[in-house]
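Enquirer: Take this structure first; my questions come after.
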Ligand SMILES: Cc1cc2nc3c(=O)[nH]c(=O)nc-3n(C[C@H](O)[C@H](O)[C@H](O)COP(=O)(O)OP(=O)(O)OC[C@H]3O[C@@H](n4cnc5c(N)ncnc54)[C@H](O)[C@@H]3O)c2cc1C
């Protein structure tokens, strides 16, 4: 299942170099091949379609067909289940390459891939007894087969508009245990892929008779989009990431069978405690957008941007200084982010967790800073809607809003966790 992509013909004329050169960043051949596949698909196909999905705020369904054909819907599905078996770092680097060409595709692809990464490599690192592990293995095989064979698309509705998505309290979406499964009721806001995913990977709280709702009882359930009681409401006309179609999802007395559990009881809570880099996976999209803003600027100032007259602007010292500042910023973002996605693991040290927050903050804020600098440096004609820069600017503005690691919450956590050891108070 591979997609043939021409090496020569692309939306911008010439084939881009990878964001992270395989040799310089010590990636092996298998990793480099997967990341190249993503980059070529992004540049040759997705880049040309991105403007229309953005303009119309429509979901990039065609891109998902291509991702399936290229084997990339199963990028992080273990090889024994028919996937490419990519670990966290390889996935992150591939997703950055997609984000470089279409932010909305990369961001929604992340929701999909997390349903395989969290249940795959990440769950393999967590504690489960033998029986639980066997049950998980049986269930995830069904879920992987749907993706590999049928191209099924999964989303990840998490946010509810209250404190739950920030990790403060239990999810308000409830799963009441009944014979053979649960009855799910609740509401998810900003549910990317709403109306377009085949399965919604819903985070909800299993309610226990007479007990207070607890984050420990979080369930991660794959609910088929066509199930009775599931509906998509509201419109979607945002500033950026318009192709994500992140509308509101309602669940009203939805019966969900036990086999729909993407993780056994207690395992999502364990993951959130022991594998915090699971929340860093929204950042690759924005790493790609940061690179895209820089690429645009260099091409534009050299007079090589397709769709613009071949006017060179690179000879002005102010432009050269701006590009130097952008390059320094980009390398800073790349360095911290590469380190964070490379060291992602179970039970990271305090230093690694602080670095993950710092990486998320640097990428999410940095991508938009680079896009703003790109517009200032290239000038008025560069922000016309016929060119991708203004979309990169709008899309990149959305990065630091992503819960649970918004830019504000990253600052909050870094400050607190740097100054206090667990359990310490000033009393
Ligand atoms: C394009 C796009 C796609 C998205 N896709 C998805 C998706 O697929 N699935 C999904 O689940 N969500 C998704 N989200 C939602 C996202 O993660 C946020 O939940 C969403 O932006 C809601 O933010 P809010 O401003 O309503 O949050 P609010 O809860 O109102 O918070 C506002 C801000 O206050 C701060 N804040 C919040 N809680 C705390 C706290 N306890 N302490 C201190 N500060 C706090 C944060 O910085 C936050 O940004 C998407 C968002 C966007 C923009």
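Enquirer: Spot the failing condition for residue 179; the list is (1) surrounded by fewer than 24 Cβ atoms within 10 Å (Cβ to Cβ); (2) more than 23 Å from the chain's Cα centre (by Cα); (3) touching a residue at least 40 places away in the same chain (Cβ under 8 Å), and only one is missed.
Expert: (3)
Enquirer: So, residue 105, is that one within 16 Å of the ligand (Cβ to nearest atom), crowded, with 24+ Cβ neighbours inside 10 Å and either within 13 Å of residue 38 (Cα to Cα) or more than 13 Å from the chain's Cα centre (by Cα) (or both) or not?
Expert: yes
Residue-wise test of (1) in a loop (DSSP other than H, G, I, E, B); (2) in the same structural domain as residue 107 (by TED's automatic domain parsing); (3) in contact with a strand residue (DSSP E or B) (Cβ under 8 Å, 6 or more places away or on another chain); (4) within 15 Å of the ligand (Cβ to nearest atom).
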residue: 201; (1), (2), (3), (4): no, no, yes, yes
residue: 216; (1), (2), (3), (4): no, no, no, no
residue: 223; (1), (2), (3), (4): no, no, yes, yes
residue: 226; (1), (2), (3), (4): yes, no, no, no
residue: 248; (1), (2), (3), (4): no, no, yes, yes
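Enquirer: Return a yes/no flag: does region 174-186 have any residue that is in a strand (DSSP E or B), more than 12 Å from the ligand (Cβ to nearest atom), touching a helix residue (DSSP H, G or I) at 6+ places or on another chain (Cβ under 7 Å) and not assigned by TED's automatic domain parsing to the domain that holds residue 145.
Expert: Checking region 174-186: at least one residue is in a strand (DSSP E or B), more than 12 Å from the ligand (Cβ to nearest atom), touching a helix residue (DSSP H, G or I) at 6+ places or on another chain (Cβ under 7 Å) and not assigned by TED's automatic domain parsing to the domain that holds residue 145.
Enquirer: With a cut-off of at least 1 residues that are under 29 Å from residue 137 (Cα atoms), name the helices (runs of 4 or more DSSP H) lying wholly within region 23-105.
Expert: The helices (runs of 4 or more DSSP H) meeting that bar are 29-41, 61-69, 88-99.
Enquirer: Continuing with this model, one more query. Could you go through region 191-199 and let me know if any residue there is within 15 Å of the ligand (Cβ to nearest atom), within 14 Å of residue 257 (Cα to Cα) and outside any helix (DSSP H, G or I).
Expert: Yes, region 191-199 has at least one match.
Enquirer: Pull up region 380-405, narrow it to residues that are without any contact (Cβ under 8 Å) to a residue 60 or more places away in the chain and within 16 Å of the ligand (Cβ to nearest atom), then point me to the one that is surrounded by the most Cβ atoms within 10 Å (Cβ to Cβ).
Expert: The selected residue is 400.
Enquirer: Follow-up question, since we're still on this one. Read through the list (1) assigned to a strand (DSSP E or B); (2) touching a residue at least 24 places away in the same chain (Cβ under 8 Å), then give the number of the only condition that residue 279 fails.
Expert: Tallying (1) assigned to a strand (DSSP E or B); (2) touching a residue at least 24 places away in the same chain (Cβ under 8 Å), residue 279 fails exactly one: (1).
Enquirer: Considering each of 263, 241 in turn, give the residue that is within 14 Å of the ligand (Cβ to nearest atom), outside the structural domain of residue 391 (by TED's automatic domain parsing) and touching a residue at least 40 places away in the same chain (Cβ under 8 Å).
Expert: The unique qualifying residue is 241.
The values are calculated or read from the model by the stated rules, or taken from the named source; none is laboratory data. Note that the structure is predicted; figures quoted are calculated from it, not measured. Cβ atoms come from the backbone with ideal geometry, glycine included; neighbour counts cover every protein chain shown.
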